[in-house]
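Computed from the coordinates by the stated procedures, all read-outs in this text should not be read as laboratory data. Since this is a predicted model, take the numbers as computed values, not measurements. Quick reminder, even Gly has a Cβ in these numbers, built from the backbone with ideal geometry, and neighbours come from all protein chains shown.
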Amino acid sequence: MSLFIKLIAATPDADRVVAAAAKLCYSASGAAEIFDGLDSAKISSFLSKLREAGHFSPFEHASFTFAIEGVSRVATHQLVRHRVASYSQQSQRYVGMKGNGCVVPPSVSADAEALKVFVEQAEAAGLAYEKLLSLGIPKEDARFILPHGGETRIVVTMNARELHHFFALRLCRRAQWEIQEMARGMLREARAAAPVIFGTAGPACVAGACGEAHPCGKPYSGMEELLS
């Protein structure tokens, strides 16, 4: 199974919702009136000012739900460290893992000998899992033999503020390669739904200077390179 990411739900007109919520803080008018009076130019201008000022609390009013498949449990163990989010992951306790694939790191797939070792061990683990099941071992115990890189499925919901934080950390070149790929796919989906909110989402080098203590030395030139 290859990496698959789809935005399955999002706050309707999220850019306008966030702009209206933020403008309410500085207006005598109600949020509904502000919402109806915003045009695209005002929304874009105001959200840009919010990002520049670091005023991200209004971004919490927009949420986004992603269906993600074909990632390893190595990646999802990193993902769930982002605690301002909701997760529903395919259970190895209740779902049989017979025939499930294993994510192969690029460094392994690029080396024929390493790939041979990797595939042999992954297949052996799969056969051992099936043997344990045939011996009456419950799935919740047989799963202990499965590779850490085994493919999984997960549903993730984050608000726009947390997504900005997630993209800033996980799209940095210093992040682990698989979660970088996941974050890049999520950003593409999020930008399609809310292009203004996520106009400059990503690591600090996209819109300013890197704040890492040990920078990678290869800052992104802009969003086009980041998403390519």
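A straight Cα-to-Cα reach below 25 Å connects Lys42 with the lysines Lys23, residues fewer than 8 places away in its own chain not being considered.
In sequence order, segment 157-174 has phi-based couplings of 10, 9, 7, 5, 5, 5, 5, 4, 5, 4, 5, 4, 7, 8, 9, 5, 4, 7 Hz under the Karplus curve 6.51 cos²θ - 1.76 cosθ + 1.60, θ = phi - 60°, and Gly or Pro positions carry x. Angle of helix 40-53 to the longest C-alpha principal axis of the chain, folded into 0 to 90 degrees and rounded to 10: 70°.
Per residue, the average separation of C-alpha pairs within less than 8 Å and at least 6 apart gives segment 125-198 a relative contact order of 19 percent.
Sorted from largest to smallest, which semi-axis lengths in Å does the alpha carbon gyration tensor of segment 1-147 give for its equivalent ellipsoid, taking the root of 5 times each eigenvalue?
Result for segment 1-147: semi-axes of 48, 18, 12 Å.
The aspartates and glutamates whose alpha-carbon is closer than 12 Å to the alpha-carbon of Lys218, local same-chain residues fewer than 8 away aside, do not include any residue. Helix 112-134 versus the longest principal axis of the chain: what angle, 0 to 90°, nearest 10, using Cα atoms? The two axes meet at around 80 degrees.
For a quick check, take a GNM of the chain with Cα springs below 10 Å and name the residue from Leu135, Leu79, Leu127 with the largest mean-square fluctuation. Comparing Leu135, Leu79, Leu127 in a Gaussian network model of the chain, the most mobile one is Leu135. Taking a straight Cα-Cα cut-off under 20 Å and skipping sequence neighbours fewer than 8 places away in the same chain, the aspartates and glutamates within cross-link reach of Lys116 are Glu151. Overall size of segment 124-163 from C-alpha positions, given as principal axis extents largest first: 48, 19, 12 Å. Ranked by the mean number of other Cβ atoms within 10 Å of their residues, highest first, the peptides 188-195, 71-78 come out as 71-78, 188-195.
For the pair Arg174 and Ala41, label points projected 7 Å from Cα toward Cβ lie 4.2 nm apart.
Residue order for Arg161, Arg83, fewest other beta carbons within 10 angstrom first, comes to Arg83, Arg161.
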